[in-house]
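J.: Before we start, here is the structure in question, set down as structure tokens.
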Amino acid sequence: MNPSLWWHNAVAYQIYPRSFADANGDGIGDIAGIISKLDYLQKLGINLIWLSPVFRSPMDDNGYDISDYYDIATEFGTLAEMETLIAEAKTRGIRILMDLVVNHTSDEHAWFVSARQSKTSPYRDFYIWRPANADGSPPNEQRSFFGGSAWQFDPLTGEYYYHLFSKKQPDLNWENPQVAEAVYTMMNWWLEKGIGGFRMDVIELLGKEVDRGILSNGPRLHSIIQEMCRRTYGNYDVLTVGETWSATPEIAKQYSDPANHELSMVFTFEHITMVWHPEHGKWQPMPFDLLKFKQIIHKWQTALADVGWNSLFWNNHDLPRAVSKYGDDGKYRVESAKMLATALHFLKGTPYIYQGEEIGMTNVQFDDIEDYQDIETLNFYAERVTAGVTHDAMMTGIHANSRDNARTPMHWQASPHAGFSTHTPWIAVNPNYPQINVEKALQDPNSIFYHYQKLVQLRKNLPVMVYGRYSELLAEHPQVLAYTRTWQNEQIVVFNNFSGDSVTIDLPAGVRGLHGQCLISNYAPTQQLGERLTLQPYESFALHHRLTTP
């Protein structure tokens with residue numbers, strides 16, 4: 001590993017701009033709101049912000065449908081404010097990671113507006129068009145990830161265009177080299193503004209071969225990314241992370257091996273999809289299985305131990321709240337939120353904190369489908385209820401896994417609208433904001449916030465936490481995740497009880513009798529291990545000690 005890479009000991013924080021902080025009182029979060037909270041993020045200690053898209057957009061998919069890559073959505077602010085955010089963050093030692101959405105654009109992007117006017121448009125081949133079948137039906141039966149057909153008939157030219165997401169998100173044609181040129185020009189324009197890199201939305205789809213039904217990891221994908229690196233971010237000291245839902249460890253190594261000149265790291269989702277139903281997906285949730293989870297973590301930690309790099313996360317703007325999914329958002333909310341933080345942050349890789357995770361925000365349970373705003377949630381609700389799924393069954397899945405769980409406004413205070421805005425927000429605030437908010441967390445020295453703050457600081461100070469070799473302990477225990485991280489003559493031993501019960505375990509020979517410094521804990525600090533260990537509900541701790549040389 002190259003210890004000189006700045007992002008190895010970095011901790012990232014994801015901001016969903018629409019829901020973070022509203023400075024102008026229109027009910028929608030904005031860039032000025034983010035700027036006003038930079039001191040808070042500096043206090044947390046993070047040094048990288050992943051900013052979900054703020055580009056100009058009609059907001060069919062909350063900004064992931066971009067109509068102008070060179071401008072900012074009016075509800076978020078101005079380009080000048082974006083430049084101020086980059087500069088103000090930099091003065092606090094924080095870099096801005098932009099969200100690069102180049103699998104598709106909005107149907108309101110100038111390229112697509114031109115492309116649909118005529119088959120001879122210079123931008124026609126920027127998108128994927130096919131004639132209808134003889135009976136007028138779509139070219140094939142491929143489906144959109146948001147439900148329904150992936151093909152939309154356009155009467156202006158009598159052909160179908162391809163969209164893997166909303167029909168307002170036509171896919172770009174990466175087999176056309178002019179698309180690549182236009183994207184590289186745009187990426188370099190942003191890099192020159194001093195951003196810290198890119199989070200790359202559904203990057204694995206760029207090499208798709210539509211007519212062969214190949215979507216992820218197409219044969220041209222890695223050559224596309226290598227050229228992108230060579231022409232853009234490879235010439236800057238930045239971080240790149242790709243969203244790769246289908247990556248295996250071998251593919252992840254291909255992406256993140258420095259020798260391949262592709263990406264710094266990728267987001268992988270095997271630990272997320274393990275709780276999805278094999279047939280009905282996330283709308284029919286499966287119980288969390290710690291043994292299965294441990295196998296996945298072990299696989300990824302060991303596979304990328306020497307080549308490549310892991311990204312570490314529990315949740316993001318597309319996923320449910322961590323404490324609701326993997327912990328206990330009731331009686332043991334504080335203990336389990338701290339446990340989840342400890343379990344993740346001592347692993348090898350770059351941790352990503354999603355806004356509100358650091359104060360233990362929870363899933364929301366709106367009773368009325370009308371209270372949900374997410375296009376995916378609404379589309380699948382309509383489609384599945386029409387197909388015979390009951391309202392109650394569908395709402396159970398939505399309460400567990402809707403993307404809107406992560407998108408309710410950030411809780412800043414116990415005041416109306418959680419201090420997010422002076423106006424009714426674009427989506428309702430979680431009703432538990434009087435109990436769970438930043439102001440309250442900052443006043444409590446034992447809050448989840450200060451637990452996260454400590455974890456972020458430890459990563460900056462301890463190379464063993466960044467580079468230490470991972471080794472699993474208690475592999476077959478159904479309630480406890482335990483592991484060691486070893487670097488030179490130092491070792492950290494980490495224990496995490498994923499249950500609401502007290503658990504007593506017989507310790508493996510290698511860690512019996514250890515004593516050292518308890519780096520962090522969510523109960524009384526444990527300084528020494530005996531032959532047995534009793535963990536309280538959701539208890540976790542990390543013990544740092546020096547290895548004795550023979």
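Here, each number is a calculation from the coordinates, and none is a lab measurement. None of these values were measured; they are calculated from a predicted model. Please note: Cβ atoms are built from the backbone with ideal geometry, for glycine as well, and neighbour counts cover all protein chains shown.
J.: Return the long-range amide H neighbours of Leu48 (sequence gap of 5 or more, or a different chain), with a cut-off of under 5 Å between placed amide H atoms.
T.: Those qualifying (amide H under 5 Å, at least 5 residues apart or on another chain) are Val11, Tyr13, Arg95.
J.: Regarding the range 380-443, what are the three Cα extents along the principal axes, ordered largest first, in Å?
T.: Principal axes ranked by extent give 49, 22, 14 Å for the Cα atoms.
J.: Net charge near Glu159: determine it from the other residues with C-beta under 12 Å of the C-beta of Glu159, scoring Lys and Arg +1 and Asp and Glu -1.
T.: Numbers: positive: Arg116, Lys119, Arg124, Arg130; negative: Asp154.
Around Glu159, the charge tally is +3.
J.: Grab the beta carbon distance between Asn461 and Thr91, set R0 = 30 Å, and tell me the FRET efficiency rounded to 0.05.
T.: On the way: r = 22 Å, r/R0 = 0.75.
Taking R0 as 30 Å, the efficiency between Asn461 and Thr91 is 0.85.
J.: What do you get for Rg/Rh of the range 469-546 when both radii come from the Cα atoms and Rh is the Kirkwood radius? Walk me through the numbers on the way to the answer.
T.: Details: Rg = 11.6 Å, Rh = 12.5 Å.
Using only Cα positions, Rg/Rh for the range 469-546 is 0.93.
J.: Along each of its three principal axes, how wide is the spread of alpha-carbon positions in the range 110-162, in whole angstrom units, largest first?
T.: The Cα atoms of the range 110-162 stretch 28, 26, 14 Å along the principal axes, largest first.
J.: Among Gly500, His451, Thr120, flag the residue with its Cα farthest along the positive direction of the charge dipole of the chain, charges on Cβ as +1 for Lys/Arg and -1 for Asp/Glu.
T.: Towards the positive end, the residue furthest out is His451.
J.: Mind putting a number on the dipole of the chain about its Cα centre? Charges go on the C-beta only, +1 for Lys and Arg and -1 for Asp and Glu, and I need it in Debye to the nearest 20.
T.: Working: 44 positive and 63 negative charges, 360 e Å.
So the dipole magnitude of the chain works out to roughly 1720 debye.
J.: Ok, one more. Could you work out the local net charge near Thr185, counting Lys and Arg as +1, Asp and Glu as -1, over the other residues with Cβ closer than 13 Å to its Cβ? Display every interim value, and only then the final one.
T.: Working: positive: Arg231; negative: Glu181, Glu192.
So the surrounding residues net to -1.
J.: Work out the charge dipole of the chain with +1 on the Cβ of Lys and Arg and -1 on the Cβ of Asp and Glu about the Cα centre, then indicate which of Asn62, Trp487, Ile225 is farthest towards its positive end.
T.: Trp487
J.: Find how many whole Å separate the alpha carbon centroid of the range 392-462 from the alpha carbon centroid of the range 467-516.
T.: After rounding, the separation between the Cα centres reads 30 Å.
J.: Sticking with this structure for a sec: Starting from the alpha-carbon convex hull of the range 173-222, give the projected area averaged over all orientations, in nm². Spell out each step's value before the answer.
T.: Details: hull surface 15.4 nm².
Spelled out: convex hull of the Cα atoms, projected over all directions, averaged, 3.8 nm².
J.: Against the empirical 2.2 N^0.38 Å scaling, what ratio does the C-alpha Rg of the range 172-317 come to?
T.: Details: Rg = 16.5 Å, N = 146, 2.2 N^0.38 = 14.6 Å.
Working it through for the range 172-317, the quotient is 1.13.
J.: How big is the shadow of the Cα convex hull of the range 357-494, averaged over all directions, in nm²?
T.: Working: hull surface 49.6 nm².
Computing the convex hull of the Cα atoms and averaging its projections yields 12.4 nm².
J.: Let me ask something else about it. In the chain, what % of DSSP beta bridges are antiparallel (nearest 5)?
T.: Numbers: 43 of 68 bridges.
So the antiparallel bridges amount to about 65 percent of the total.
J.: To the nearest 10 degrees, how steep is helix 333-345 against the longest Cα principal axis of the chain, on a 0 to 90 scale?
T.: Relative to the chain, helix 333-345 is tipped by roughly 80 degrees.
J.: Roughly what angle does helix 79-91 make with the longest principal axis of the chain, taking Cα atoms, 0 to 90 degrees, to the nearest 10?
T.: Its long axis makes an angle of about 20 degrees.
J.: So if I take the centroid of the Cα atoms in the range 239-261 and the same for the range 183-207, what is the distance between those two points in Å?
T.: 16
J.: Now, a different point. Which order results if Thr504, Thr484, Thr78, Thr424 are arranged by neighbouring Cβ count within 10 Å, fewest first?
T.: Numbers: Thr504 8, Thr484 21, Thr78 15, Thr424 12.
Going from least to most buried by this count: Thr504, Thr424, Thr78, Thr484.
J.: Here's something else I'd like to know. Report the equivalent ellipsoid semi-axes for the range 1-120 in whole Å, largest first, defined as the square roots of five times the eigenvalues of the gyration tensor built from alpha carbon atoms. Write out the running numbers ahead of the final one.
T.: Values: eigenvalues 173, 71, 23 Å².
In descending order the semi-axes read 29, 19, 11 Å.
J.: Additional query: Restricting attention to the alpha-carbon atoms of the chain, what are Rg (one decimal) and Dmax (integer), both in Å?
T.: Radius of gyration, then largest Cα-Cα span, for the chain: 23.6, 79 Å.
J.: Here is a follow-up. Could you tell me how many degrees, from 0 to 90 and to the nearest 10, lie between the Cα long axis of helix 221-231 and the main elongation axis, the longest principal axis, of the Cα atoms of the chain?
T.: Tilt of helix 221-231: around 90 degrees.
J.: Straight-line reach from Lys292: which aspartates and glutamates fall under 18 Å, measuring Cα to Cα and dropping same-chain residues less than 8 apart?
T.: Lys292 reaches Glu270, Glu472, Glu476.
J.: Rounded to two decimals, what is the ratio between the C-alpha radius of gyration of the range 282-371 and 2.2 N^0.38 Å? Please report the intermediate quantities before stating the final value.
T.: Details: Rg = 14.6 Å, N = 90, 2.2 N^0.38 = 12.2 Å.
Against the empirical 2.2 N^0.38 Å value, I get 1.20 for the range 282-371.
J.: For the range 346-421, what is the charge dipole size about the Cα centre, in debye to the nearest 20, if Lys and Arg each add +1 at the Cβ and Asp and Glu each add -1 at the Cβ? Intermediate values should be presented prior to the final figure.
T.: Values: 4 positive and 11 negative charges, 73 e Å.
For the range 346-421, the charge dipole is close to 340 debye.
J.: What does the charge add up to near Glu75, with Lys and Arg as +1, Asp and Glu as -1, over the other residues with Cβ less than 11 Å from its Cβ?
T.: Numbers: positive: Arg18, Arg56; negative: Asp22, Asp26, Asp30.
For residues surrounding Glu75, the net value is -1.
J.: Moving on. By count of other Cβ within 10 Å, fewest leading, how are Lys338, Lys43, Lys454 ordered?
T.: Going from sparsest to densest Cβ surroundings: Lys43, Lys454, Lys338.
J.: Putting +1 on Lys and Arg Cβ atoms and -1 on Asp and Glu Cβ atoms, find which of Val429, Thr408, Gly330 reaches farthest to the positive end of the dipole of the chain.
T.: Gly330
J.: Need one number: nm distance between label points at Asp237 and Ile296, each 7 Å from Cα along Cα→Cβ, rounded to one decimal.
T.: A separation of 3.6 nm, rounded to one decimal place.
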